[in-house]
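Quick note: the coordinates plus some simple rules give every number you see, no bench work behind them. Predicted model, so just to flag it, every value in this text is computed and none were measured. Neighbour counts run over all protein chains shown; Cβ positions are idealised from the backbone, glycine included.
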Amino acid sequence: MIAAAALAVLAAGCTPNEEGRPQPVQTSDASPSSVSPGGSPAGFGDLKSCDLLDKALEGQGYPASEADNIGSSNGCSTNKFGSAMSLNLDDKQGVDDLAADPSKAYDGKINGRRIRQVKEIDGSEATCLVLLEVSAKARAMVSVTLGTQGSTDQACDDAFSVAQAVEPQLPKA
């Protein structure tokens, strides 16, 4: 499932770039998180991943999401024909803890929040992750897997759209 694929790619560094769509990661250039120590939320409080995912996908024909603990202890997933989505609220790992092929990892921002997008998780086409920074050791991870009719670019567009819908509901960094 999606979360299992996402779990297989955990642990690396990245550099923040411009607001908007993700940009390629600069592999020779790593910087610490822009979140100040001690001033950021350590976790997600009462937020439930299923509530956030269902709200982000409202009106798109997805059934109610179901809790799973594959990517974190606060994970959720749903699927419909040709598309599977998941959201994990991870209060143990940050964006910098994701290992990914630098040629498939891109940094950017949504509403000033640092993100990292990873195309083709585990080399699988039509898959994409978008991680949103909550603190140095907390992140929200949106994962999309499309069926044989989908493309990697479409998976990333879908993941980015869900991340945009989820971002305002996350604790501020």
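Determine the shape class of the range 127-173: with a ≥ b ≥ c the square roots of the Cα gyration tensor eigenvalues, call it rounded for a/c under 1.5, and otherwise prolate if a/b is greater than b/c, oblate otherwise. Prolate, because a/c is 1.5 or more and a/b exceeds b/c. Estimated at 0.36 nm per residue, the fully extended path between Lys55 and Phe81 surpasses their Cα-Cα distance by 7.4 nm. Taking 22 Å as the cut-off for C-alpha to C-alpha distance, list the pairs among Lys92/Lys172; Lys48/Lys92; Lys109/Lys137; Lys119/Lys172 that go past it. Beyond 22 Å between Cα atoms: Lys119/Lys172. Couplings 3J(HN,Hα) for the range 86-91, derived from phi with the Karplus relation 6.51 cos²θ - 1.76 cosθ + 1.60 (θ = phi - 60°), are 9, 9, 10, 9, 10, 9 Hz, where x marks Gly and Pro. The residues neighbouring Asn74, those whose beta-carbon lies less than 11 Å from its own, together hold a net charge of -3 under the Lys/Arg +1, Asp/Glu -1 convention.
Site pair Asp157 and Asn69 shows an inter-label distance of 3.8 nm when each label is modelled 7 Å from Cα along Cα→Cβ.
Straightening the chain between Lys48 and Glu125 buys 24.8 nm, computed as 0.36 nm per residue apart minus the Cα-Cα spacing.
Summing charges over all other residues whose Cβ lies under 11 Å from the Cβ of Gly94, with Lys and Arg as +1 and Asp and Glu as -1, gives 0. Pull out a ≥ b ≥ c, the square roots of the eigenvalues of the alpha-carbon gyration tensor of the range 44-139, then state rounded if a/c is under 1.5, prolate if not and a/b is larger than b/c, and oblate in the remaining case. Oblate is the answer for the range 44-139, as a/c is 1.5 or above yet b/c matches or exceeds a/b. Based on Cα contacts under 8 Å between residues 6+ apart, the range 48-173 shows a relative contact order of 22 percent. Using alpha-carbon positions, what is the distance between the centroids of the range 54-123 and the range 155-173, in Å? So the two Cα centres are separated by 9 Å.
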